[in-house]
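Engineer: This is the structure, below, for whatever I ask next.
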Amino acid sequence: MIEENEKKENRIGASEDFEIIRKLASSLNVGDTSGAIEGNGEGITETESEESIVSDTIGADAEGDIANDSIEFQENETIVEESTENNAENIPVEVFSSENRETECKNGTESVEHEEKTIKSYGALFMTGTSLALFAGIFLVGTFATRPVYSESEKRTLAKKPEFSMIGAMNGSYFTELDKWFSDTFPFKEELLNMESKLESFYGAGGESYYGNKSDIVEDTVPENSETLAPIVELKPREQEQKETEDIYQSLVETNADGTLKVDTEPKEKVDVTGEQAGNIYVSNNKAYEIFYYNQGGSVKYASVLNTVKSMLPDSNVYDILVPNSFGVELDPSLQEELGSGNMQDVFNYIFSMMDPNIHRLSVFDTLYAHRDEYVFFNTDHHWTGLGAYYAYREFCKEKGITPHELGDFKYVDYSGFYGTFYFATNRNESLKSNPDHVEAWIPMGTNEIVAVDENGLTYNANVINDVTESNAGRKYNCFLKGDNAFTTIKNPEIKDGSSCVVIKESYGNAFVPFLVDHYEDVYVVDYRYYKDNLTQFILDNKIQDVIFVNNVQAITEKVSDEILSIFS
Amino acid sequence: MSFTSLFFVTVFFPVFLVVYYILQGMRAKNAWLLIGSLVFYAFSGINCLILILVMAAFAWIIGRMIQAAVDRAECESPDHQAGDEEFMNPTAQDAYEKNHKIARIWLFLGVLVLSAVLMGFKYSNFLLNEFDVSAQDEIKEGIIRLGMPLGLSFYTFKLISYVADVYRGRVKAGSFFDVMLYTVIFHQVTQGPIVRYDEMVSQFTERSVSYDGVSDGIWRFSIGLAKKTLMADHCGKLADAFLPLAGSGEYSVFGAYAGSLCYMLQIYLDFSAYSDMALGLGQMIGFKYPENFNYPYVAVSVRDFWRRWHISLSSFFRDYVYIPLGGSRVRFSRILLNLLVVWILTGIWHGASLNFILWGIYFYIFIVLENLIKKYGEKLKLDRINGALSETLLHIYTLAVVFFGWVLFRISDFAKLSEVLRAMLFRSERALYSTSEILTFRGNIYFLILAVTVCTPAWKNLGNLLSERLNHSFIREAREITNLANESSLYEQEVTKDQVLVEKYAQSNSDILNEVRQQDTENHQRMINRLENRLKKRKSERTKLEIVYYGVRMVLMLIFLYISILSMVGASYTPFLYNQF
């Protein structure tokens, strides 16, 4: 019996101890509801108090931090002291509360802190290792991968590695250039840019988008038809003219500066290329449109330039073909009005009303409008297509009184995979990417040979319609006349009647000229932006009958008109 | 070099870091840090590098001089230190005062020269323009060309705080190397934070690198990088698109608001991104810098805003201007004057233009108003207003004040400023909105929403939630380990206790002893099994959490770095001229 009792006692003792262990275990595992062990009240309160103390300290810490860091004009410093006092007070409280516990428990909490460090965690190590490897990879790519030299999308040679110079190093410009070169020619630049634009397509909603590239827009309202003709400009000596244009560039450089008083070290070559910067672009239904803003001064100036030319060349037939852009032809007039200026047709009529009635004035707006469901404008480029130019050509033939050739008479070629200026100017808009263009062209029957003088004065041979299969995606419009040359001569060996014409154009004219080849013995093409000689003299010397202006609606600005005028003096 | 240039991210930073980790010993590491910083700064031009070195050397000399004078004062009058000023003998008193005067003269000279250089660079051009001093164009040109040395405003303030701290005895004058490193350390040299010398110098000798620190640092850096290149730059672009400042750009009422909002987002994202990157870079090599921003756009008062915005600058003005002027322990009217000085200085510091001074005064007015309300507010019984409601109202009020503050900050041309403000208050004939603006807004709506959330602590709280859970699971696992260990020791105690009991009550009854022992062993085994199972469970829980935590972090970091590089490459993208017009 005694033995049994003793045994029982022992067992009870053991089970009591066991109970204690269980209680301990349960009290240490807060929130372990699934456990079969019931935590007793004591255990729970203890852990709660422990936790609340911890959170108290954290709270006090945070307050202290804020007070430390912040600007506290009124109660400066005192808060900081208080909070540190709080901290100091908290520590003994914690010790006190843990004294209530059994020794095992106290050991437990101590070793918890100890053990926490000994649990091996590879997370941070792994992350450190990966990110360092990543940076090593970036370093290798950035340093050793081949760098691009030319950017297709921007149509420019990329920055060159600067030459070291002591002065440059002293004032920092050498390093700035180096930095610029490094990022401008970063390996896989085109691919990265492509991906970036993909990223940007997630920025917002809506199929339409707007790209503002030009901030100083002046928009005038289109007046009623003018009663008076635009004045004939008195021609100034050439030198003065040039000086004036230089001033324009000067002011451009200044207005480009963004008020940071940075001296613009950009080379002026860029500004030398006349023509406007990529304007404001509206994208809708996978097609881009350049927004048109009516410019009153430019219109008057343009008309007066034409009048001036006519007055200088009374014996020649002067044709003026004004070409609208896709914005004016294809978009809903109310939308045009919302975005910029609508009624391009009225603009043309107004301009024509200011011109000498002896000028053959051709607004091809109606023509293109009638064919607007056909492929007369590119989706991703600001030009018209060969087809659009063909309809204008038919209109021209009607005005001139000759029979136009049918499209079927020509040999047809088609070059696919064309991404034009809009695509790149919109930073590779995704919806445009899905709608690439193709360049259709009709090779003239008489000849496909041209002799071109480029902007640097070099003469070379090329074709009227060039094979652009191998060309880069952004340069396929160069199919026509091999791009913009200062002066181009096309001699048709099949016509021997001495007929000749000169076409004064910007790049819109390139698509138009091929259709003229079969009507003249000599076709001369002048790009007013690059041509440097006196065109009046040339026309008189060569007894040219037809002077044809092919101008795009965006060219009707005072600056461009001045440029056109300058080649006649 | 800028943190967000490709050259920094792809070349400078990896090379610097690898060499830093390879080098052993704090001296070598510090030397490398100094070399790296000099190279970093040299990218803004050797001229600027020479200037910063001269400035640092000057501050070092001043620091030495002040220290010498203070030391002499204390050495010659030991009584003073013991607090027995009243019983000092007159000669000692004189010597003490003389030396203190010398220290003060050095301090004055130091602060004067340092701020004169800052003023010289920052405001000469402004003064020339504003007051049209008929200076020759050559001089003007020269000054414009000289430009503003990179980070001058920031490191000058650091140096001023250094000499002032030496004078006040907060720190001992440092060695040439320390002062140099303190000034040019590349984490802070371009855009702050303006960390105090004592906080830095202790870390020059004692800091440790851990995997946690490095991974946290890289994480912070990549957040900053993405914030700047992806968000801030695009916000800037949008701000210019909505409300163009240059040229005769058209904008509507909506455009004026949207543009200013984008600018408000840009300025915070841009600046806090720089601070994030600086903190991250520091963390990677064991430095801890104080936070510079604490989500200023969630502030509930203008005072609160300034406690959260550019903290290192406001605390600089507090400690080196406001408190020396008497702090808050003076008459109320004097406080108003002190505050005015602080706010005008704050305004001037931000830029060389009148609108910045106006901007400082603008905030001064609101700070004073809030102080007045605080002083007399109890009479107004403002507490009666419902808590949540009043907090929302206060928040809106703060945001509105800050919003118009940034309008003032952004536009330095007064004619333009009044034009924009008139448009915003519907007092102009501008259209309410324009189609192109609506299209731009819609085309960036998700981006803008994201940018707004980045200005709130929401993302940080989410991250904290995750890391707290991870910590918690660590603690739980550790407890299981402890329990297991305790069980073994308890078992041993039990066995001995049993033996004692058996020996006490039943002489040499080995059967009972065996039985009891067997019982114990069984209990023990059961307990061990249970505990081990639980440990296993905890461990797998913890591992899972850890994988999720670090996995998410790593993936996000990769994305951030990747898109930052994309944006950086994209930034070199210049809209081209129509050369084929």
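The values are calculated or read from the model by the stated rules, or taken from the named source; none is laboratory data. Predicted model only: the values in this text are computed from it and were never measured. Heads up, the Cβs are rebuilt from the backbone with ideal geometry, glycines too, and the neighbour counts pull from every protein chain shown. What goes into the accessible areas is simple: the full protein's heavy atoms, side chains included, and nothing from ligands, DNA or RNA. Shrake-Rupley method; radii C 1.70, N 1.55, O 1.52, S 1.80 Å.
Engineer: Within region B:3-54, track down each residue that is more than 12 Å from chain A (Cβ to nearest Cβ), buried (at least 17 other Cβ atoms within 10 Å of the Cβ) and not in a helix (DSSP H, G or I).
Structural biologist: B:F3
Engineer: Is it fair to say A:L192 is closer than 21 Å to B:S2 by Cα and either outside any loop (DSSP other than H, G, I, E, B) or modelled with pLDDT of 80 or more (or both)? Outline the logic, then answer.
Structural biologist: Details: closer than 21 Å to B:S2 by Cα: yes; either outside any loop (DSSP other than H, G, I, E, B) or modelled with pLDDT of 80 or more (or both): yes.
Against the criterion (closer than 21 Å to B:S2 by Cα and either outside any loop (DSSP other than H, G, I, E, B) or modelled with pLDDT of 80 or more (or both)), A:L192 qualifies.
Engineer: Give all pairs with beta carbons closer than 7 Å in which a residue from region A:396-407 that is open to solvent by 50 Å² or more (accessible area, probe 1.4 Å) meets a residue that is hydrophobic (A, V, I, L, M, F, W, C); count only pairs at least 6 apart in sequence or on separate chains.
Structural biologist: Qualifying pairs under 7 Å: A:E399/A:L362; A:T403/A:C397.
Engineer: Please note which strands (runs of 3 or more DSSP E) are completely contained in region A:469-569 and include at least 3 residues that are within 14 Å of chain B (Cβ to nearest Cβ) and open to solvent by less than 10 Å² (accessible area, probe 1.4 Å). Please lay out each step first, then the result.
Structural biologist: Details: elements: A:487-491, A:500-505, A:522-527, A:546-552.
Because the criterion is at least 3 residues that are within 14 Å of chain B (Cβ to nearest Cβ) and open to solvent by less than 10 Å² (accessible area, probe 1.4 Å), the strands (runs of 3 or more DSSP E) in region A:469-569 that meet it are A:546-552.
Engineer: Considering only residues that are away from every other protein chain (no Cβ under 14 Å), in a loop (DSSP other than H, G, I, E, B) and open to solvent by less than 10 Å² (accessible area, probe 1.4 Å), which ones fall in region A:367-383?
Structural biologist: Correct list: A:V376 only.
Engineer: Going by what's in this entry, would B:Y322 be described as over 21 Å from B:M557 (Cβ atoms), touching a helix residue (DSSP H, G or I) at 6+ places or on another chain (Cβ under 6 Å), open to solvent by less than 30 Å² (accessible area, probe 1.4 Å) and within 12 Å of chain A (Cβ to nearest Cβ)?
Structural biologist: yes
Engineer: The conditions are (1) at pLDDT below 85; (2) assigned to a helix (DSSP H, G or I); (3) crowded, with 18+ Cβ neighbours inside 10 Å, and B:Q519 fails exactly one of them. Which is it?
Structural biologist: It fails just one condition, (3).
Engineer: In the list B:I449, B:I438, B:I445, B:I411, which residue meets the criterion of being of a type in the set (A, V, I, L, M, F, W, C) and in contact with a Gly (Cβ under 8 Å, 6 or more places away or on another chain)?
Structural biologist: Checking each option against the conditions leaves just B:I445.
Engineer: Now for a separate question. Where in region B:126-223 are there helices (runs of 4 or more DSSP H), lying fully within it, with 1 or more residues that are more than 11 Å from every other protein chain (Cβ to nearest Cβ) and modelled with pLDDT of 90 or more?
Structural biologist: It comes to B:152-167, B:176-184, B:197-205.
Engineer: Is it true that some residue in region B:448-468 is facing chain A (nearest Cβ under 7 Å), in a helix (DSSP H, G or I) and out of contact with any strand residue (DSSP E or B) (no Cβ under 8 Å at 6 or more places or on another chain)?
Structural biologist: no
Engineer: Would you call B:L490 assigned to a helix (DSSP H, G or I), facing chain A (nearest Cβ under 10 Å), of a type in the set (A, V, I, L, M) and open to solvent by less than 90 Å² (accessible area, probe 1.4 Å)?
Structural biologist: For B:L490, the condition - assigned to a helix (DSSP H, G or I), facing chain A (nearest Cβ under 10 Å), of a type in the set (A, V, I, L, M) and open to solvent by less than 90 Å² (accessible area, probe 1.4 Å) - is met.
Engineer: In region A:417-434, is there at least one residue being over 18 Å from A:N510 (Cβ atoms), open to solvent by less than 10 Å² (accessible area, probe 1.4 Å) and polar (S, T, N, Q)?
Structural biologist: Checked region A:417-434: at least one residue is over 18 Å from A:N510 (Cβ atoms), open to solvent by less than 10 Å² (accessible area, probe 1.4 Å) and polar (S, T, N, Q).
Engineer: Next up: Return the residues of region B:505-537 that are touching a helix residue (DSSP H, G or I) at 6+ places or on another chain (Cβ under 9 Å), within 10 Å of another protein chain (Cβ to nearest Cβ) and within 18 Å of B:S488 (Cβ to Cβ); say none if nothing qualifies.
Structural biologist: Residues satisfying the conditions are B:Q519, B:D520, B:N523, B:H524, B:M527, B:R530, B:L531, B:R534.
Engineer: Check B:I565, B:I481 and return the single one that is in a helix (DSSP H, G or I), under 30 Å from the mean Cα position of the chain (by Cα) and of a type outside the set (F, W, Y). Walk me through it before giving the result.
Structural biologist: Values: B:I481 fails: under 30 Å from the mean Cα position of the chain (by Cα).
On inspection, the qualifying residue turns out to be B:I565.
Engineer: Still on this structure: Please work out if B:S115 is of a type in the set (G, A, S) and modelled with pLDDT under 90. First the steps, then the outcome.
Structural biologist: On the way: of a type in the set (G, A, S): yes; modelled with pLDDT under 90: no.
No.
Engineer: Grab the helices (runs of 4 or more DSSP H) fully contained in region A:85-172, keeping just those with 2 or more residues being polar (S, T, N, Q) and at pLDDT 50 or above.
Structural biologist: Values: elements: A:103-118, A:123-144, A:166-171.
Filter on region A:85-172 gives A:123-144.
Engineer: If you scan region B:224-258, which residues turn out to be over 26 Å from A:E196 (Cα atoms), at pLDDT below 90 and more than 8 Å from chain A (Cβ to nearest Cβ)?
Structural biologist: Across region B:224-258, the qualifying residues are B:Y251, B:S252.
Engineer: Would you please list the contacts, defined by Cβ atoms under 8 Å and residues six or more apart or on different chains, that run from a residue in region A:432-445 that is assigned to a loop (DSSP other than H, G, I, E, B) to a residue that is polar (S, T, N, Q)?
Structural biologist: Taking only residues 6 or more apart or on different chains, the pairs are A:S434/A:N286; A:N435/A:N286; A:N435/A:N379; A:N435/A:T380; A:P436/A:N379; A:P436/A:T380; A:P436/A:S416; A:P444/A:N492.
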